[in-house]
Amino acid sequence: MKKIFRYKIKSKALMTVLMLAIPVAALMLMESYTHVPWDLTPPIFILNLVGYYLIYLLGTFLFGGVAGGYTFATLLFMCCGLANYCVVCFRSSPIVPWDIYSIRTAVSVADNYNIDITGKLIGVVLGFLVLTVPGRVLPGKVKKLRIRLAGLALSICCVFGYVKAVGSDAVIETVGLDTTLFTPNVLYRNNGLLAGFAGNIRFMKVEKPEGYSTKAAEEVAQSYQTQETTTAKKDLPNIIVIMNEAFSDLSVFGDFHASEDDMPFIHSLDKNVLKGHAYVSVKGGNTANSEFEFLTGDSMAFMRREVCHISSM
């Protein structure tokens, strides 16, 4: 194996072909984790490919050589794709940018889940590992530190520019990116994992509403403040809230029949009780959003995040 890695390709034509082909192969393997690469239209495939080339370029300057950079980028995509596959298995929804806020919670509960190891998964991982072999024999070193740092800085700027471009209306309309947020699996399948993730980053920033200020908010709150109420404490209602992620009445989804009532106590409450359905703004993670909405009365619909994940509970 060491002899193989010591060998360096001397043919410039072959080197060029490999440098262009390896990112293409990595893209196709990445998409194969959860779907098939030919789900992407040609314009969207090219858009994703540009991002892959930028990551491989960044790796080259980061490690000071093509071999190290290409090996790093290939393994990076392998690990990111595998992580996304695991998340899809756990919650039936892919990784989204705001999951970074819940990474500690995800790690703490990961032991409670099982990964579905399929032949396809093994094949994709092996494909990535095989792809590192030609990458390791690519020649090319960036010896001067000044050039290496300048190239690294430029690569990082290009990556940020790529993320900004993917989230712009011009690119979305030009290549035909899917913008349907409430079906993230379909969105990632249509847009590609890299472009899908990069496009969602724009929802991480909450824009300040026009005319908003602390003073204006205080004035609005002041208008709703009432004088001391004379209502007797005994006349105030008792409010019981059960907030449980695993608690749901499946009968609301259609004809659900069981041999016996699965929620007899809840169904028995028919006097002095108001019942209805609650719609939550997120599922499969970041469920604190529901708690925020209930406790504050503020809707997540005004927050630029995954607000269209609607599920009945």
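The values are calculated or read from the model by the stated rules, or taken from the named source; none is laboratory data. As the structure is a prediction and not an experimental result, all values here were calculated from the model. Note that each Cβ is placed from the backbone with ideal geometry, even for glycine, and that neighbours are counted across all protein chains shown.
Evaluate the following for residue 265: is it surrounded by 11 or more Cβ atoms within 10 Å (Cβ to Cβ), over 20 Å from residue 93 (Cβ atoms) and modelled with pLDDT of 80 or more? Give the steps one after another, and end with the answer.
Working: surrounded by 11 or more Cβ atoms within 10 Å (Cβ to Cβ): no; over 20 Å from residue 93 (Cβ atoms): yes; modelled with pLDDT of 80 or more: yes.
It is false that residue 265 is surrounded by 11 or more Cβ atoms within 10 Å (Cβ to Cβ), over 20 Å from residue 93 (Cβ atoms) and modelled with pLDDT of 80 or more.
Out of curiosity, is residue 183 modelled with pLDDT of 90 or more, surrounded by 11 or more Cβ atoms within 10 Å (Cβ to Cβ) and polar (S, T, N, Q)? Even if it seems obvious, please write down each step before you answer.
Working: modelled with pLDDT of 90 or more: no; surrounded by 11 or more Cβ atoms within 10 Å (Cβ to Cβ): yes; polar (S, T, N, Q): yes.
In short, no.
Can you spot a residue in segment 34-42 that is loosely packed, with under 14 Cβ neighbours inside 10 Å, at pLDDT below 85 and either within 26 Å of residue 89 (Cα to Cα) or not aromatic (Phe, Trp, Tyr) (or both)?
Filtering segment 34-42 for residues loosely packed, with under 14 Cβ neighbours inside 10 Å gives 36, 38, 42.
Imposing the further condition that a residue be at pLDDT below 85 reduces the set to none.
No - not one qualifying residue is present in segment 34-42.
Could you please tell me which pairs satisfy a Cβ distance under 6 Å, a separation of 6+ or placement on different chains, a first residue in segment 130-150 that is within 10 Å of residue 66 (Cβ to Cβ), and a second residue that is modelled with pLDDT under 85 and assigned to a helix (DSSP H, G or I)?
Going by the 6 Å Cβ cut-off, the qualifying pairs are 136/5.
Mind counting the residues in segment 206-244 that are modelled with pLDDT of 70 or more and either part of a loop (DSSP other than H, G, I, E, B) or over 30 Å from residue 272 (Cβ atoms) (or both)?
27
Scan segment 51-72 and give yes if some residue there is surrounded by fewer than 19 Cβ atoms within 10 Å (Cβ to Cβ), of a type in the set (Val, Ile, Thr) and not in a loop (DSSP other than H, G, I, E, B), otherwise no.
No; the residues of segment 51-72 include none that is surrounded by fewer than 19 Cβ atoms within 10 Å (Cβ to Cβ), of a type in the set (Val, Ile, Thr) and not in a loop (DSSP other than H, G, I, E, B).
Just the residues that are hydrophobic (A, V, I, L, M, F, W, C), part of a loop (DSSP other than H, G, I, E, B) and either under 13 Å from the mean Cα position of the chain (by Cα) or under 28 Å from residue 49 (Cβ atoms) (or both), please, taken from segment 73-118.
Quick first cut of segment 73-118, residues hydrophobic (A, V, I, L, M, F, W, C) only: 73, 75-80, 82-83, 86-90, 95-96, 98, 100, 103, 106-107, 109-110, 115, 117.
Remaining after also requiring part of a loop (DSSP other than H, G, I, E, B): 95-96, 115, 117.
95, 96, listed by residue number.
Could you please give the count of residues in segment 128-146 that are crowded, with 17+ Cβ neighbours inside 10 Å and part of a helix (DSSP H, G or I)?
Here the count works out to 6.
So which residues in segment 147-181 are of a type in the set (S, T, N, Q) and in a helix (DSSP H, G or I)? Don't jump to the end; show me each part of the working.
So the first thing to find is which residues in segment 147-181 are of a type in the set (S, T, N, Q), and the list is 155, 168, 174, 179-180.
Passing the criteria: 155, 174.
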